[in-house]
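Below is one structure; the comments refer to it alone.
Quick note: the coordinates plus some simple rules give every number you see, no bench work behind them. The structure presented is a predicted model; accordingly, all values stated were derived computationally and were not measured. Cβ placement follows ideal geometry from the backbone for every residue including glycine, while neighbour counts extend to all protein chains displayed.
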Amino acid sequence: MASTLENALRLVKPGEMVVSLTDILDKLGDKITADERNQLLIAMLSPRREKVQPGDLVTSDMVNQMLADITDLQVRVLSIENSDISSSQQVIITSPLPGEQFQVGQVINIVGKNFDFSIGAQQVFFDTTPPVGGFKLGSNDNLLIVEVPMISGVTQTGKQVTLNVSNHLNIPVSRQLTVKLPDVPVSGPVDVVIGGVNPDPIVAGQTAEFACSLTSRATMPANFLITATLSGKSWTTQLLASNKTALAQPLNLVPRVPVDILISLTVPGNANLEAFDLIVNAVSGNAQGDSGLHSYTVGQATNEDASISFDNPSAAPPGAYSNGKISLAATSVATISIGIKSTDGQYDLSLQLVPKSGETVVATGWKMGWVDPTPTDAQHSELSSTAISLGSKLSKFAVMPQVGASLTGRIQLKVKRQGASLAKTINFDLILL
């Protein structure tokens, strides 16, 4: 019986080179591991089982195919190993989650894995801006503590920002955050100036329109609620924009930028010679101001110097003045500060106790006067030859109710240019607490 080798040789074509499979594996030696050797044999022999039998000779074509299979296998194994290494070292962020909202200056914790903080390979950017002051104490390979920086385009309402975190692989992992400016309370005064009225005098049965200018001196732009209030009357008022359309509320005021509005007043037909007070307020958080009380009588001309105006009054202590009213307990003192605006020149200022609108009596027991000298009991306190230079002057007067003073009353501040026939007045209602 012919040997297995003889049977195999009968299948070899002339000119073909015959190499034993055993010789091939011996030549590979320790270049591959035992597991790789088994995988190689399975990969090579499984698809060719119907062609290769024990003792068969292997052709050069088959050997070339084997070498190609080995090379392909090594490439695949290396690729898998590299992929596993890369995946295991990639940055992982578990929080903050997408959609979270932060403020500029806020300290946040970025929790995850593989930040490479211990080798100094960590990188964090908000869009293209790094965190403020680097990484905070407590940061490590799984926790980065940073402060949100000021980012271009961020507003009070917020901006979508990309948080990028990477390590030594330099493959950033991104999260979307909303970043906004800090909620800093708006504060500061607002100058509310009531100007002329049309028609003048006010006519019963007709609509009167009062010009009003609002100038914010607050710390930032803000939305203000504007109100116009009549004292002692239920007549209809409406706030209008300068083009006489309904005023959109709240009204946005930018610091140092005047905004003109109108107060429309519907005067009843039977209101001739009736007196009333008007005050306009602007409020946004801690930023506020009012026009002070302005008194009018239907059918009588205002007879006021329109070139003079008053800034928002204030008081020390602050709670002593609000909405045109000075409220004090007996023997306590409030200092009222008010800016007076006009063209340069000499002016006479006076403080006087006057009746409230619709009344005929004046308050008693209230001391008033300029801060220097101290208040007296005088019913009329004059301050003559006062210069308003550069168009503005800050004036201060003090008020103090004595024990037994009237529960209510009114002080009127009058400013008159020397040599002029008209003056400008502003009223302060008095309330004894």
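Legend: P(r) of segment 185-303 from all alpha carbon pair distances, 5 Å bins from 0, whole percents, reading 2, 12, 23, 23, 17, 12, 7, 4, 1, 0. Straightening the chain between residue 270 and residue 364 buys 30.5 nm, computed as 0.36 nm per residue apart minus the Cα-Cα spacing. Based on Cα contacts under 8 Å between residues 6+ apart, segment 185-303 shows a relative contact order of 37 percent. Once the Cα-Cα distance is subtracted from the 0.36 nm per residue extended length, the residue 155 to residue 422 segment shows a gain of 91.3 nm. Exposure proxy ranking for 403, 186, based on other Cβ atoms within 10 angstrom of each Cβ and starting from the fewest, stands as 403, 186. By definition, a body whose alpha carbon gyration tensor gives a ≥ b ≥ c is prolate when a/c is 1.5 or more and a/b is larger than b/c, and segment 92-180 fits this prolate description. Extending 7 Å from the Cα toward the beta-carbon at both residue 116 and residue 408 defines two label points whose distance is 7.7 nm.
The trypsin sites (Lys or Arg not before Pro) found in segment 254-352 that occupy coil by DSSP, while having at most 12 further C-beta atoms within 10 Å, are 256. Quick one: go through segment 405-423 and flag any residue whose amide nitrogen is under 20 Å from the point 7 Å out along the Cα-to-Cβ line of residue 329. Counting backbone N atoms under 20 Å from the label point, the list is 405-409.
If contacts are Cα pairs under 8 angstrom and at least 6 residues apart, what is the relative contact order of segment 92-180 in percent? It comes to 37 percent, rounded to a whole number. Can you compute the FRET efficiency between residue 344 and residue 200 using 1/(1 + (r/R0)^6), with r the Cβ-Cβ distance and R0 = 30 Å? Round to the nearest 0.05. Step by step, r from the Cβ atoms, then E = 0.70.
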